[in-house]
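What follows draws every value from the coordinates through simple rules; no lab data is involved. This structure is a prediction, so every number in the text was calculated from the model and none was measured. Because the Cβ atoms are built from the backbone with ideal geometry, glycine has one as well, and the counts that use them run over all protein chains shown.
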Amino acid sequence: MKIHVDIDLCQGHGVCAGEAPEVFAVDPTESRVVVLDPDPPETLRAKVEAAVKYCPTRALRITEDR
Amino acid sequence: MSAAIPRLSGGLPLLGHLLELRRRPTELLQRTRDECGEIGELRLAHQPLVMLYGEAAQEAFFRAPDEQLDQAAAYPFMKPVFGAGVVFDATPEQRKQALRNRSLRDQAMRGHAEGIARETERALAGWGDRGQVDLLDFFAELTIYTSSAALIGPEFREELSAELVPIFHDLERGTDAIAYVNPNLPLPSFRKRDRARRRLVALLQGIFERRERTGRKTQDLFQILRGIRNPDGSPRYTVDTITGMFISLMFAGHHTTSTTASWALLELCRHPEWMKRATEELDALYADSRDVSYQALREIPVLESVLKETLRLHPPLILLMRKVVQPFAYRDWTVAPGKMVGVSIATSNRDPALFRDPERFDPSRFEPGREEDRSTFGYIPFGAGRHRCVGAAFAMMQLKAIFSLLLRRYEFELAQPAESYRSDHSKMVVQLAQPCRVRYRRRAVEAAVAA
């Protein structure tokens, strides 16, 4: 699972960091998301999917490795 | 070399399409798309406005950086409302602070949900078992309290009274597009706007003085702003500037939420099958716990679809604009600096390429499988890109909290002919035209539980 951010859309709401703190953080000076782990383990899938789903600006996307 | 941008027909010698914008904006914006296609130029008095249509052109608009497309200069009718040194006078850097003040951050939302529920309970306290209510009056007052409590602080909310309702009404009515000619023309609506703003400054001044006299310590946003000092020790922000900040915060979240709440309730009354589905969903959701908590508000799919569909058909803002600072190129066309570019929310939200049977109220279009809101740059009631409404999540949460209480407690029906409810588009701030009354009756089930 790979994480993609459309940084033009991110406003730093921090919902993703709340859902999956292992994977996302918010840069306080930039008010933008920082992806801590762009290729997170499967065990975090549910949390990452919640982060994507609840992102208020829909800036996040998951693609699958093959 | 730019291809020629098609021009919209009609328009008066001096005013251009300005009067049409004030009278029938939705029709004007649709006509531009029908006549010109993806890009078309019209004129607001001396100001050329190039409209962009369709997902791809809208994406180019929403992705353009601030250095190329300036938001501030596009809305001259807001300056006298906000005042000097506020929002649109601020740099992009200062504007970014809005999120850093944290009141809209996700962690803050939990507390807001409970506050909104409490506020709605207060507003319903005097309703009794049955009666009639004017939706604009009711939701305008409720959302003044909810927004000021959430964005400024609960202490401040207690210092407010219903007096704010007419003040904000006059400020909102002061957003006449005739401001493109001159925002200070001697018109009654502009005079009322300025009087309302002066009254609000005096009101806030009174609040600050009372706080100082009584030595009351609060930690709300106003007190923090008031406490910021210049190197010489004088307050950095005058009461006038703080008032402007308050207005700008409220403008983003007040009339927009209040109008959406009104239209959602009206559409539910007009479509009893959806009223039934939404009410049953809430009854089931709150069956074990009666608390309107953040967690409960997270997933209310039917209600959420109803709200999304309301925003699609009745967007509280219908036209977004930017002033071109550096040449803006899209496909074969280049828009020169000095012109404005615009995106029509009203037109995009009814684009048949994105929405099946677009004129129909059909919340099921957002259900899994159809998801007609998936287009980030096509379904745009909150805009898109870096200037997308930062309060969108707050607004949806607030609407869900309000409806969680309203629909479980009361039944509603229209008190006027169905076609008499309409939006008043004569000002840039869209509001429901009055009268807009509905009848309510306490639900038998709810009454039994309460007893």
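Give a residue-ordered list of calculated ³J(HN,Hα) values for region B:256-272 (Karplus: 6.51 cos²θ - 1.76 cosθ + 1.60, θ = phi - 60°; whole Hz; x for Gly, Pro).
5, 5, 5, 5, 5, 4, 4, 5, 4, 5, 5, 5, 5, 5, 6, 10, x
When the Cα atoms of the protein assembly as shown are enclosed in a convex hull and the volume is divided per residue, what value in Å³ results?
Spelled out: Cα convex hull of the protein assembly as shown, divided by residues, is 176 Å³.
Positive end of the charge dipole of the protein assembly as shown (Lys, Arg +1 and Asp, Glu -1 on Cβ, about the Cα centre): tell me which of B:PHE394, B:THR143, B:ALA287 has its Cα farthest that way.
B:THR143
Residue by residue, what Karplus-based ³J(HN,Hα) values in Hz, rounded to whole numbers, does region B:70-75 have, using 6.51, -1.76 and 1.60 with θ = phi - 60° and x for Gly and Pro?
9, 6, 4, 5, 7, 10
For a protection proxy built on the mean count of beta-carbon atoms within 10 angstrom, sort B:4-14, B:196-206, B:314-324, B:224-234 highest first, please. Provide the component values of the computation, followed by the final result.
Details: B:4-14: 13.3, B:196-206: 17.4, B:314-324: 21.6, B:224-234: 10.3.
The packing order, highest mean first, is B:314-324, B:196-206, B:4-14, B:224-234.
Give me Rg/Rg_expected for region B:255-391, where Rg uses Cα atoms only and Rg_expected = 2.2 N^0.38 Å with N residues. Don't skip to the answer; put the middle values down first.
Details: Rg = 18.0 Å, N = 137, 2.2 N^0.38 = 14.3 Å.
Its radius of gyration relative to the 2.2 N^0.38 Å reference: 1.26.
Taking each residue in B:117-126, count the Cβ atoms of any other chain within 10 Å of its Cβ, then average. What number comes out?
Values: counts 0, 0, 0, 0, 0, 0, 0, 0, 0, 0.
Across B:117-126, the average partner-chain Cβ count within 10 Å equals 0.
Mind jotting down a quarter of the surface of the convex hull over the alpha carbons of chain B, in square nanometres, one decimal?
23.5
Rounded to whole Å, give me the distance from the Cα center of region B:291-338 to that of region A:19-66.
23
In whole Å, what is the distance between the alpha-carbon centres of region B:189-243 and region B:35-65?
39
Which far-off residues, 5 or more places away or on another chain, put their amide H under 5 Å from the one on B:ASP424, with H placed in the peptide plane?
Placed amide hydrogens put B:GLN431, B:LEU432, B:ALA433 under 5 Å from B:ASP424.
If Lys and Arg each add +1 and Asp and Glu each add -1, what is the summed charge of the other residues whose beta carbon sits under 14 Å from the beta carbon of B:LEU135? Numbers along the way, then the final one.
Values: positive: B:ARG270, B:ARG422, B:ARG437, B:ARG439; negative: B:ASP134, B:ASP137, B:GLU141, B:GLU267, B:GLU413, B:ASP424.
Overall, the nearby charge balance is -2.
Any idea which of B:ALA261, B:VAL429, B:LEU414 is furthest toward the positive side of the dipole for the protein assembly as shown, if Lys and Arg beta-carbons carry +1 and Asp and Glu beta-carbons -1?
B:VAL429
Which of the trypsin sites (Lys or Arg not before Pro) found in region B:350-429 are loop residues per DSSP with 12 or fewer other Cβ atoms within 10 Å of their Cβ?
B:ARG356, B:ARG360, B:ARG374, B:ARG422
About its Cα centre, how strong a charge dipole does region B:18-450 have in debye, to the nearest 20, once Lys and Arg get +1 and Asp and Glu get -1 at the Cβ?
Numbers: 63 positive and 58 negative charges, 230 e Å.
Around 1100 debye, computed over region B:18-450.
Given contacts defined as C-alpha pairs under 8 Å and at least six residues apart, what's the relative contact order of region B:18-450, whole-number percent?
Over region B:18-450, the number comes to 27 percent.
Where the convex hull is taken over the Cα atoms of region A:2-63, what is its projected area averaged over directions, in nm²?
If you wrap the Cα atoms of region A:2-63 in a convex hull and average its projections, you get 3.5 nm².
So which GluC sites (Glu not before Pro) in region B:287-344 pass both tests, a DSSP loop state and at most 13 other Cβ atoms within 10 Å of the Cβ?
Those satisfying the criteria are B:GLU299.
Among B:LEU18, B:GLY37, A:HIS4, flag the residue with its Cα farthest along the positive direction of the charge dipole of the protein assembly as shown, charges on Cβ as +1 for Lys/Arg and -1 for Asp/Glu.
The residue sitting most towards the positive pole is B:LEU18.
Check B:HIS17: other-chain or 5+ apart residues with amide H under 5 Å from its amide H, H built from backbone geometry?
B:LEU12, B:ARG43, B:LEU44, B:ALA45
How about region B:41-80: which GluC sites (Glu not before Pro) there lie in a loop by DSSP and see at most 13 other Cβ atoms within 10 Å?
B:GLU67
Local charge sum around A:GLU42 (other residues, Cβ-Cβ under 14 Å, Lys/Arg +1, Asp/Glu -1)?
Net charge around A:GLU42: -3.
Filter A:LYS53/B:LYS427; B:LYS323/B:LYS427; B:LYS192/B:LYS308; B:LYS79/B:LYS308; B:LYS192/B:LYS400; B:LYS400/B:LYS427 down to the pairs with a C-alpha to C-alpha distance above 24 Å, please.
A:LYS53/B:LYS427; B:LYS192/B:LYS308; B:LYS79/B:LYS308; B:LYS192/B:LYS400; B:LYS400/B:LYS427
I'd like the mean, over residues of B:383-392, of how many other protein chain beta carbons sit within 10 Å of each residue's own Cβ.
4
Neighbouring Cβ atoms within 10 Å as the yardstick, rank B:HIS46, B:HIS17, B:HIS255, B:HIS169 fewest first.
B:HIS46, B:HIS169, B:HIS17, B:HIS255
Partner chain Cβ atoms within 10 Å, averaged over the residues of B:302-315 - can you pull that number for me?
Values: counts 0, 0, 0, 0, 0, 0, 0, 0, 0, 0, 0, 0, 0, 0.
Per-residue shielding by partner chains comes out at 0.
Normalised by the number of residues in region A:2-63, what is the relative contact order in percent for Cα pairs under 8 Å and 6+ residues apart?
On the way: 102 pairs, mean separation 28.4, N = 62.
Taking the mean separation of contacting Cα pairs over the length of region A:2-63, I get 46 percent.
Considering region B:366-428, what Rg and Dmax in Å follow from its alpha-carbon atoms?
16.1, 42
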